[in-house]
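No value in this document is a laboratory result; all are computed from the given coordinates. It should be emphasised that the depicted structure is a prediction, and the values quoted were computed from it without experimental measurement. Cβ placement follows ideal geometry from the backbone for every residue including glycine, while neighbour counts extend to all protein chains displayed.
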Amino acid sequence: MSAALASAEAAVRDPAVTLRELLGMLGEQGLLVFCGVLAAPFLLPVTVPGMSTVLGLPMLLIGFSVMVSRVPWLPQRLLDRSLPSATARAILQKVRGWAERFEHLVRPRWLGLTGSGKVNIVNGALVIVAVLLLMAPIPLVPFVNSVPALAIILLCFGMAERDGVVIALGYFTTFISAVYVGGLIFLVFYVGLRHEQAIEMLRGWFS
């Protein structure tokens, strides 16, 4: 995986790269790796406004493709959306660093969690859930994007490497994401707090 990411990083040309080009650069098992790479920016301290929508839509389609065990149709307009080359290189470099640290620990195991049609339905559905949590409109709250993004990365890379242990970690992280983001949505919409009040209260908790 790290070799594929390094090759993609070297192939990025200035000034921008489209999602179509990035997908082509990632090669074999590209869809799952591509989905993990799209989630990676949300682990960085700063994200671009609107990024969750631009990157979330292809991740939703990839999750659906896992459920139905077929390559998804991706809209031309979506594939032609571009990212600045510097951002794309930073993302690929970051993910490659993670891969180099941990890929010696990743190997085919617990194969009951990967490969079969029924399990793919569960795995794809959880990717979709994690992406929807990532896209929730709750700005400026610590980890609100990072925890679902980590769940997506674990699920996708676990499926790409057929490692059921990593997929199980993805299950757990998706559950934590649902509790965390769901709790924030409950605070905003059901407890009766205004959005700004809820954000300030949460910031107080974390500080």
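Note on Ala11 and Ser85: the extension gain reaches 25.6 nm, defined as 0.36 nm multiplied by sequence separation minus the Cα-Cα distance.
When a/c is below 1.5 the answer is rounded, else prolate if a/b is larger than b/c, else oblate, so apply that to region 2-175 with a ≥ b ≥ c taken from the square roots of the Cα gyration tensor eigenvalues. Rounded.
A straight chain from Arg101 to Gln76 at 0.36 nm per residue would run longer than the Cα-Cα distance by 5.5 nm.
Would you mind calculating the gained length between Val122 and Phe143 on full extension (0.36 nm times residue separation, minus the Cα-Cα distance), in nm to one decimal? Let's see the in-between values first.
Working: separation 21, 0.36 × 21 = 7.56 nm, distance 2.46 nm.
Working it through step by step, the gained length comes to 5.1 nm.
Derived scalar couplings between HN and Hα for region 154-161 equal 4, 5, 5, 6, x, 5, 4, 9 Hz in order, rounded to whole Hz, by the Karplus curve 6.51 cos²θ - 1.76 cosθ + 1.60 (θ = phi - 60°), x for Gly and Pro. Put a dot 7 Å past the Cα of Val179, heading toward its Cβ, do the same for Phe64, and the two dots end up 3.1 nm apart.
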